[in-house]
Ligand SMILES: [Fe+2]
Ligand SMILES: [Fe+2]
């Protein structure tokens with residue numbers, strides 16, 4: 001029998017075991033096929049869900065970010081997790097509001113796993129809790145970044161590189177351009193000491209506890 005360690009933790013739940021509920025007094029919904037849930041089952045589920053979301057949404061969002069804390073890089077001097085922390089740190093030091101700092105913290109949360117659409121990825125994660133201005137910026141930030149990536153695109157297509165120009169004059173154009181220039185393309189610096197994730201955690205909890213818009 002091999003004692004070789006696997007890279008993943010051992011199986012946690014065996015067949016027949018249930019995962020624990022968040023609260024001791026809560027109920028499991030018994031059917032194992034959602035087709036068989038009754039309206040009463042859904043009423044219980046939805047009641048428990050509201051509390052669960054309030055307690056777990058920010059925590060689990062942070063855990064998604066934290067999953068890449070020790071990841072190596074493909075050339076940048078700091079990894080994507082440190083980049084996100086550095087962006088948030090710079091926004092904080094410049095006196096931006098809590099929502100904007102949290103937006104900065106999550107702006108590239110999907111950069112490795114969903115690179116082509118990482119702006120909308122981050123926007124969807126945090127959409128219910130942020131202003132139209134920051135949502136607009138998040139969704140388009142990767143397009144606004146193109147003009148700074150000299151030599152990245154081969155062959156160079158000026159229309160693609162300058163795609164942000166389609167929004168020139170929009171009320172959030174300047175903020176998006178500023179975010180990229182001051183808080184994104186320069187947040188790759190190993191000489192800058194970022195604030196720890198613990199510093200941002202209460203902000204994340206507060207921002208994520210704003211009333212979500214109906215989905
Ligand atoms: Fe990005
Ligand atoms: Fe970024």
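Suppose each label sits 7 Å from its Cα in the direction of the beta carbon; what would the residue 52-residue 28 distance come out to in nanometres?
My value for the distance between the label points is 1.3 nm.
Calculate how steeply helix 197-208 sits against the longest principal axis of the alpha-carbon atoms of the chain, using the helix alpha-carbon long axis, and give the answer as 0 to 90 degrees to the nearest 10.
Around 70 degrees separate the two axes.
Roughly how far apart, in whole Å, are the Cα centres of the range 99-130 and the range 172-193?
Here the two parts' Cα centres lie 15 Å apart.
If you average 1/r over all unlike Cα pairs in the range 54-162 and invert the result, what Kirkwood radius do you get in angstrom? Please list the in-between numbers first.
Details: mean 1/r = 0.0671 Å⁻¹.
Computed over Cα pairs of the range 54-162, the Kirkwood hydrodynamic radius comes out at 14.9 Å.
Return the calculated 222 nm mean residue ellipticity for the chain, to the nearest 500 deg cm²/dmol, obtained by summing -39500 (n - 2.57) across DSSP H runs with n ≥ 4 and dividing by the residue count.
On the way: 8 runs with 96 residues, N = 215.
Rounded to the nearest 500, the figure is -14000 deg cm²/dmol.
Which part of the range 132-148 falls in the paramagnetic zone of residue 157, meaning amide N under 17 Å from the point 7 Å along Cα-to-beta-carbon?
142-148
Could you work out how much longer the chain between residue 15 and residue 199 gets when fully extended? Use 0.36 nm per residue separation minus the Cα distance between them, nm to one decimal.
Length gained, residue 15 through residue 199: 62.3 nm.
Could you tell me the largest-minus-smallest coordinate of the C-alpha atoms of the range 133-199 on each of the three principal axes, in descending order and whole angstroms?
The Cα atoms of the range 133-199 stretch 41, 30, 15 Å along the principal axes, largest first.
Where does the chain land on Rg/Rh, using Cα atoms and the Kirkwood Rh? Intermediate values should be presented prior to the final figure.
Numbers: Rg = 20.9 Å, Rh = 20.0 Å.
Result: Rg/Rh = 1.05.
In degrees from 0 to 90, rounded to the nearest 10, what is the angle of the helix 132-145 Cα long axis to the longest principal axis of the chain?
The two axes meet at around 60 degrees.
I need the calculated FRET efficiency for the pair residue 175 and residue 150, taking r as the beta carbon distance and R₀ as 25 Å, to the nearest 0.05. If you can, show how the numbers build up before the last one.
On the way: r = 23 Å, r/R0 = 0.92.
So, using R0 = 25 Å, E works out to roughly 0.60.
Using a simple spin-label model with points 7 Å from Cα along the Cα→Cβ vector, what separation in nm is obtained for residue 60 and residue 35?
2.6
Connecting C-alpha atoms closer than 10 Å in a GNM of the chain, tell me which of 109, 186, 51 has the biggest fluctuation.
So, out of 109, 186, 51, the one fluctuating most is 51.
Taken together, the values in this text are just the output of simple stated rules run on the coordinates, not laboratory data. Nothing here was measured: the structure is a model prediction, and the numbers come from that model. Positions of Cβ are generated from backbone atoms using ideal geometry, with glycine treated the same way; all protein chains shown enter the neighbour counts.
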